[in-house]
Structures are given as structure tokens and as C-alpha cells.
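As C-alpha cells, the structure follows; a few thoughts come after it.
The values are calculated or read from the model by the stated rules, or taken from the named source; none is laboratory data. The model shown is predicted, which means the values in this text are computed figures rather than measured ones. As a convention, Cβ positions derive from the backbone with ideal geometry for all residues, glycine included, and neighbour counts pool all protein chains shown. Protein only, heavy atoms only, side chains kept; ligands, DNA and RNA dropped before computing areas. Shrake-Rupley method; radii C 1.70, N 1.55, O 1.52, S 1.80 Å.
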Amino acid sequence: MANNGLQATNIYVVSHLGLVFFLYPANLFAGMETGHWIGIIISYAVHFAILFLYLKGLRLAGNITVIDIFQNLSKVAAWILLLPAFVYLIVAFVTTVRAYSEMLTLVFLSTTPLWAIMILLSVVAFLITLPGVANIARTSVLLTILFTLPMLFVLALAFQNVDWYYLLPIVDPEQTFAFLTDTNFQISLFVFAGGYFYLGLLPKSITVNMKQILLSSLLLLPLYMLAAYLPLLTFGHATARLYEFPFLMTIDTVNVTWLMFDRITIFFLLSLMAFALVYLAVTLWVLTTLSKRAIPAIPGPYMLIGLTLGLFLISLYIPNWDFLKNVQKLIIPLRLYIFLVIPLLVFVLGWRHHHVKTR
């Protein structure tokens with residue numbers, strides 16, 4: 001399995017599944033009034049094009065790591081170019097841990113201290129990461145088998161309370177592209193940014209199959225649509241935008257008397273948590289890999305322990321949800337950098353490497 005590209009592809013899909021129903025709908029609704037499908041299509045099209053360029057650049061460079069590609073310029077240039085990505089991934093990890101802890105507290109752990117949930121998520125991500133990226137790949141396969149069908153089942157039930165009237169107007173005559181400059185819309189790119197950066201750091205034992213990953217990314221587009229339009233069709237835009245977690249509230253409206261669970265929200269959130277843990281583990285592995293290359297004197301396990309502890313402490317000292325929102329606005333340049341600039345740089349440097357080598 002390690003030689004046909006399925007492991008890398010499965011990590012890509014599962015890590016995005018952990019994010020798509022997360023903060024994405026709330027940020028999208030805050031950034032757009034109508035024509036939400038336009039914003040989704042534009043974001044996804046850019047993601048697909050950038051993913052293609054990133055993978056193409058890695059292939060042209062001979063499937064060496066992103067670090068090695070940048071070090072062909074110079075070591076100093078490599079770390080200058082990678083530092084913004086490193087900082088962004090730190091914030092992404094902390095944001096995910098804190099937001100999922102808030103969700104768990106909201107749904108079924110109301111009496112559990114927030115720090116206890118955060119330390120649990122951090123420790124589980126640490127344990128998945130500790131044996132290496134191959135263990136993350138195996139874990140992602142297991143979680144796919146266990147939780148994909150239950151998630152699809154819940155998504156089907158979520159259509160119970162939709163009002164198709166809220167779909168109109170499909171195209172607003174006064175629709176503009178001003179939303180592209182809205183900070184909330186740019187924050188929504190969280191779901192697209194950084195989720196494929198790990199592909200440029202994988203060891204040669206895990207094959208990156210460009211065709212498989214691009215085809216699998218097509219499976220994500222309907223999920224982006226569902227993440228936005230199920231809350232819209234259930235509540236309407238005016239109400240849906242008031243919720244911090246619109247999709248979670250949508251699932252909470254579903255009433256299924258014949259199911260053994262009183263609330264399928266718990267069922268759905270546990271499935272999301274499983275996929276989010278893969279994203280956290282991948283992000284932690286990337287941070288550890290970059291740190292080990294920067295400071296090779298520190299053994300990998302100690303580096304991983306130090307990073308996990310540091311990230312937990314950062315998440316612990318976040319005072320409130322509003323502070324986290326402000327941080328998300330401040331790192332928009334870093335998000336756009338890892339989303340757009342790094343893949344373009346990899347493609348350009350990979351193209352240059354290939355043409356110099358073939359002369």
C-alpha cells in the first residue's frame with residue numbers, strides 16, 4: 001500500500017474532512033451575503049490549480065522535499081521562505097485544538113474543563129505522530145473505514161429540515177466579487193491552506209501519486225457545498241450566520257426516533273473528531289520535520305515532545321474566542337503565503353531544476 005500512493009491520498013482526504021464542517025461555514029457566511037456557491041467554486045478552483053502546480057513542481061524537482069528544493073537556493077533562503085509556513089502551521093494547530101475543544105464542551109462535555117479536553121487532543125495527536133508518518137497513514141485508513149459511512153449517513157439525515165426556498169436566488173443580479181477582499185472570506189481559506197503542504201515532506205517510502213490526489217480532491221467539492229448549503233437551507237443566511245458552528249447546529253435539528261442515539265450530533269462530532277485528529281497529527285509531524293532539519297542536534301522524539309508541550313501551552317493561554325478570531329485575521333498574509341506563494345515557488349524552482357538537469 002505504501003508504494004501505490006493510496007496512503008498519501010488518504011491522508012489528504014481525511015485531513016480535509018476534519019476541517020470542511022468545522023469553522024468553514026461560519027467564516028463563509030460572514031464574508032458573503034448571497035451566491036455562496038460562487039465563493040466555494042472560486043476557492044476550490046484556486047485550490048485545485050495550486051495543488052496541481054505544487055505536485056508538478058515536486059515531480060519536476062525529482063520528488064525531493066520542499067526543504068531540499070528551497071535549499072538549492074541557499075540554506076538561509078530556505079529557512080526564510082519556510083518560516084512563515086512554520087508560524088502559520090503553529091496557529092493552525094492551536095486554532096484546531098481550541099475550536100474543537102469548544103465544540104466538545106458545547107455538545108456533550110459541558111462540565112469538563114477546557115484545558116482537559118485540549119490536553120487530551122494534544123496527547124492523542126502526539127501518540128499518533130510519535131511512530132512516524134507511516135503510522136499517521138495507517139491511522140487515517142482505519143478511521144476512514146470506521147467513520148466514513150456513519151458521516152455520510154448523518155449527512156443524508158441532515159436534509160430532513162431543509163427548505164429549498166432558501167436556495168434562491170441562485171444567481172443574484174447584483175452579485176459582485178467584493179467578497180474576495182473581505183477578511184472573513186479570506187479566513188475561510190483556512191480549509192484549503194496548508195492541508196497539502198505535507199506532501200512535499202513525505203519520505204520516499206510513501207509514494208505521492210499526482211493523479212490519485214487530484215482525482216480525490218474532486219470528492220471534496222460536494223462536501224464543501226454541503227458544509228455551506230445544509231445550514232443555509234435549514235436556517236437561511238440571516239440566521240445561519242449568527243452561529244459559531246452552523247453545521248453543528250444543523251445536525252442538532254435532526255430528529256430520528258428510530259435511532260438508538262438521542263442526538264446524532266454526538267455521533268457526527270465524534271466522526272469529525274477522528275478526522276481532525278489526523279489533521280492535527282499531520283500538522284504536528286510537519287512542524288517536527290521542519291524543526292529537526294533546522295536543529296538536527298535535538299533527537300526527533302524530544303523535538304516532538306517539546307513542540308506538543310509548547311503548542312498546548314499556547315492554546316491554554318488563549319484568553320477567549322474573540323482573541324482567536326483576531327489572530328485569524330492577523331495571519332491572513334501567512335495563510336495566503338502558504339496557500340499561494342509556496343506552491344508557486346515549488347513549481348518555479350522545480351521547473352528550473354528539471355530544465356537545468358536536462359541540458
- Message: Given the options Leu73, Leu120, name the one that is under 22 Å from Phe22 (Cβ atoms) and open to solvent by 10 Å² or more (accessible area, probe 1.4 Å).
- Response: Leu120
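Every residue, every condition in (1) touching a helix residue (DSSP H, G or I) at 6+ places or on another chain (Cβ under 8 Å); (2) without any contact (Cβ under 8 Å) to a residue 24 or more places away in the chain; (3) surrounded by 14 or more Cβ atoms within 10 Å (Cβ to Cβ); (4) closer than 17 Å to Leu269 by Cα, yes or no:
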position	(1), (2), (3), (4)
Ile136	yes, no, yes, no
Phe147	yes, no, yes, yes
Asp163	yes, no, no, no
Leu167	yes, no, no, no
Thr176	no, yes, no, no
Leu199	yes, no, yes, no
Pro203	yes, no, no, no
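Conditions (1) closer than 13 Å to Ala274 by Cα; (2) among the charged types (D, E, K, R); (3) not in a helix (DSSP H, G or I), marked per residue:
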| position | (1), (2), (3) |
| --- | --- |
| Val141 | yes, no, no |
| Leu152 | no, no, no |
| Gln160 | no, no, no |
| Val171 | no, no, yes |
- Requiring at least 1 residues that are small (Gly, Ala, Ser), in contact with a Pro (Cβ under 9 Å, 6 or more places away or on another chain) and crowded, with 19+ Cβ neighbours inside 10 Å, the helices (runs of 4 or more DSSP H) wholly within the range 1-64 are 24-31, 36-60
- Between residues in the range 181-193 that are without any contact (Cβ under 8 Å) to a residue 40 or more places away in the chain and more than 15 Å from Ala99 (Cβ to Cβ) and residues that are open to solvent by 10 Å² or more (accessible area, probe 1.4 Å) and part of a helix (DSSP H, G or I), which pairs lie under 9 Å by C-beta distance while being six or more apart or on different chains? none
- Message: With the structure loaded, tell me whether Leu215 is of a type outside the set (Val, Ile, Thr), at pLDDT 90 or above and surrounded by fewer than 17 Cβ atoms within 10 Å (Cβ to Cβ) or whether it fails that test.
- Response: yes
